[in-house]
1. Name the residue that is least open to solvent (accessible area, probe 1.4 Å), counting only residues in the stretch 246-284 that are acidic (Asp, Glu) and in contact (Cβ under 8 Å) with a residue 12 or more places away in the chain.
2. Within the group 242, 287, which residue is of a type in the set (Gly, Ala, Ser) and crowded, with 21+ Cβ neighbours inside 10 Å?
3. Going residue by residue through the stretch 7-17, is there one that turns out to be farther than 23 Å from residue 244 by Cβ, in a strand (DSSP E or B) and at pLDDT 90 or above?
4. If a residue has to be closer than 12 Å to residue 215 by Cα, in a loop (DSSP other than H, G, I, E, B) and not small (Gly, Ala, Ser) to count, how many in the stretch 267-300 make the cut?
5. Among the residues of the stretch 52-74, how many are open to solvent by 10 Å² or more (accessible area, probe 1.4 Å) and under 17 Å from residue 102 (Cβ atoms)?
6. Right, residue 232: farther than 24 Å from residue 141 by Cβ and surrounded by fewer than 21 Cβ atoms within 10 Å (Cβ to Cβ) or not?
7. Can you pull out the residues in the stretch 99-136 that are touching a Phe, Trp or Tyr at 6+ places or on another chain (Cβ under 8 Å) and open to solvent by 30 Å² or more (accessible area, probe 1.4 Å)?
Amino acid sequence: MTLMRGPADGPAEVLYVRFRAAGDGGAEGGQGASLGAETYGHLLRLLGQFTPVIEALPPDAALADVRGALRYFERDAAGIAELIRLRALAWYGVRCTIGIAGNPLLARMAAQGAAPGEVRRVPGDAVADFLDRKPAAALHGVGPATARALCAYGLDSVGRIAAAPPATLQRILGAKTGRAVHDKARGIDPSPVTPNAAARSIGAEHRFAHDELDPDRRRRALLSLADDLGARLRGSGRAARALTLTVRYADRSTTTRTRRLPEPTAHGPALTDAAYALHAALGLQRARVRSVALRVEDLCRAELATRQLTFDPAEDKARRIEAAVDRARARFGEAAARPAAKLAQPYSRSPYRGP
């Protein structure tokens, strides 16, 4: 079951649910206590009581297509969202920020800026008004570099982007990106809600104590996350074919980018290099970053992964050191050997392992 809808195809039936742990009093996208992998799994199963069409967005969010639940529960999407909110709070002490709209893009945007426990809905006939004055960077998937390119041509709001000729956007951003941004600015999102996405992923998040401007500190956080994910992959006998970076900014907007890896890997340095490349490609410069998250995806069994032969003694040495570190951690605990970045800067992790 999938969902592929434009802004005016019917009533709002997609929920974007962001779970907030007890003690987190910030708005959607803000800092707070880590949710925890076990609690997150319970909350996904809570959503599963209403619909099987759930796309997990670790470490603390999910999309749900509730079209099939409306008649059964004799409620509209807002009524189902209220049930989810109440049960999550009563059963797990977790508050939910929920956005409701006709597609995943608009549901995400509806939740932006909402407080924990708040439900926001974008009716199908109000999409243009909802989007009109929002900044370009508010569109999911439009990062700071793309937003700067648009603003340089006076396209600094979603309404202006929607009014621009598609050919103009394609000249500024390239054919594929230009078409995608033009559709998003009109509230059109062809991406599906894909069930069981979390079954092939492991993720972790670093939340900074303050909005982070320093790219070196962000890179240290990525190093720590990549090292952790590599160790968890190796410990579970799996390798990843793709890596996803999610950056959450001080204004509560997010940018997500995914890179296919040259070969399936659980090697920490390979994951770190890919994370650095994703981060550099965003062109954040002086962006104020609230948190960064990495997710390894499209997992396979490690014995099925092929490794390209190399005659580089440095890489062979790195893999031997990595194996020795794994043995030390297995015997003495994770603190037995850690990258220097972990010693230089403590951080809050929010790990998630797919079922």
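1. To start, the set of residues in the stretch 246-284 that are acidic (Asp, Glu) comprises 251, 263, 273.
Imposing the further condition that a residue be in contact (Cβ under 8 Å) with a residue 12 or more places away in the chain reduces the set to 251, 263.
Numbers: 251: 95, 263: 45 Å².
Step by step, filter the stretch 246-284, then rank; the result is 263.
2. Values: 242 fails: crowded, with 21+ Cβ neighbours inside 10 Å.
Answer to the selection: 287.
3. Within the stretch 7-17, the first condition is being farther than 23 Å from residue 244 by Cβ, and the residues that meet it are 7-13.
Next cut, in a strand (DSSP E or B) only: none.
No; the residues of the stretch 7-17 include none that is farther than 23 Å from residue 244 by Cβ, in a strand (DSSP E or B) and at pLDDT 90 or above.
4. The number of residues fulfilling the criteria is 5.
5. So the count comes out to 4.
6. Numbers: farther than 24 Å from residue 141 by Cβ: yes; surrounded by fewer than 21 Cβ atoms within 10 Å (Cβ to Cβ): yes.
Yes; evaluated as a whole, the condition is true for this residue.
7. 108, the sole residue that qualifies.
Results for (1) crowded, with 20+ Cβ neighbours inside 10 Å; (2) modelled with pLDDT of 90 or more, shown as yes or no for each residue.
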site	(1), (2)
160	no, yes
182	yes, yes
191	no, no
209	no, yes
214	no, yes
217	no, yes
224	yes, yes
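The values are calculated or read from the model by the stated rules, or taken from the named source; none is laboratory data. The structure presented is a predicted model; accordingly, all values stated were derived computationally and were not measured. With ideal geometry, Cβ positions are generated from the backbone for all residues, glycine too; neighbour counts draw on all protein chains shown. Keep in mind that these areas ignore ligands, DNA and RNA; they rest on the heavy atoms of the full protein, side chains included. Shrake-Rupley method; radii C 1.70, N 1.55, O 1.52, S 1.80 Å.
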